[in-house]
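Every read-out reported here was derived from the displayed coordinates using simple, explicitly stated rules and does not represent laboratory data. What you are looking at is a predicted structure, and each value in this text was computed from that prediction instead of being measured. Here Cβ is always computed from backbone atoms with ideal geometry, including for glycine, and neighbour counts include all displayed protein chains.
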Amino acid sequence: MRNLRIGLFKNVNRIFITLFLFTLLGCEKEFERIDNYIVDFATVLKQGNNLLFKLDDGTPLTPIGNLNFNGDTGDRVILNWVPSDDNIVKINRATSIFTGEIQNEGYPTQYKNDPVKIQSVWVSGIYLNMIFEIEYHSTPHSIALLRDMESQTADLYFAHTTNNDSKGYPQIMYASFILSSLRNVDNTVETSFNLYINTNSGIRQYQFILK
């Protein structure tokens, strides 16, 4: 038993010495600094050969250097960027997302309401932004934003169909719909609207104001 204890103490001492030396060596190495970054929904703006991104508050961002990105004016993206004082910024990543608009035709005849799991829904600028979860296997799903034109109020319905996709695994989806068609001609009046989404727990109603 005594020899066993001595052996254990020797092993512990070896581990302690190894960790101590590793700590000393680690202190000599400088850690690489990671830039602070922001993640936003943004809109693509192309001016000739120049590529810009416009945040929903109207701020234009000009990428530093060449950015490997293929997109057209009006496309929506999730933008990972490093802030600066002059809005000429480093873009870490620009990921295209589904971009749509309100469809004044199609409700209720083309309304499909396969349920989704909502993570977040909000209005920013003139866009309705959505983060939701679907169960995806291999067949692309279809989504749309339909307006009930017979309603006395502005009622929008989020349409989603699995297109008979087999049961698969959860996948996060991002979508952005432009809401400019809800505005009056002069764009001077705030517009309230209702949004209806079929979720796994039933129809959910959201009320928003487009400013």
If you plug each phi of region 172-184 into the Karplus form 6.51 cos²θ - 1.76 cosθ + 1.60 with θ = phi - 60°, what whole-Hz ³J(HN,Hα) values come out, in order, with x for Gly and Pro? 7, 10, 10, 8, 9, 10, 7, 10, 4, 5, 7, 6, 6
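Loop-only GluC sites (Glu not before Pro) in region 60-144, please: DSSP not H, G, I, E or B, and at most 11 other Cβ atoms within 10 Å.
Numbers: sites: Glu101, Glu105, Glu133, Glu135; in loops: Glu105.
Those that pass, being in a loop and sparsely packed, are Glu105.
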Could you go through region 95-102 in sequence order and give the Karplus-derived ³J(HN,Hα) for each residue, using 6.51 cos²θ - 1.76 cosθ + 1.60 with θ = phi - 60°, rounded to whole Hz, and x for Gly and Pro? 10, 5, 10, 4, 10, x, 9, 5
Could you list which residues have their amide H under 5 Å from that of Lys112, counting only those 5 or more apart in sequence or on another chain, with H placed in the peptide plane? His160
Residue-wise HN-Hα coupling along region 128-138, computed from phi with Karplus coefficients 6.51, -1.76, 1.60 (Hz; x: Gly, Pro): 9, 10, 9, 10, 8, 10, 10, 9, 10, 10, 8
Within the set Lys90/Lys211; Lys117/Lys167; Lys117/Lys211, which residue pairs have Cα atoms separated by over 19 Å? Lys90/Lys211; Lys117/Lys211
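Give, rounded to the nearest 20 debye, the magnitude of the charge dipole that region 38-96 has about its Cα centre when Lys and Arg contribute +1 at Cβ and Asp and Glu contribute -1 at Cβ.
Numbers: 5 positive and 7 negative charges, 41 e Å.
Taking the Cα centre of region 38-96 as origin, the dipole is about 200 debye.
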Under-5 Å amide H pairs with Asp155, H placed in peptide plane, nonlocal only: Asp148, Asn194
Search the structure for amide H atoms under 5 Å from the amide H of Leu210, placed 1.01 Å from N in the peptide plane, and list their residues when 5 or more places away or on another chain. Thr191, Ser192, Phe193
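Divide the volume of the convex hull of the Cα atoms of region 98-210 by its number of residues and quote the answer in cubic angstrom per residue.
It comes to 101 Å³ per residue, whole-number rounded.
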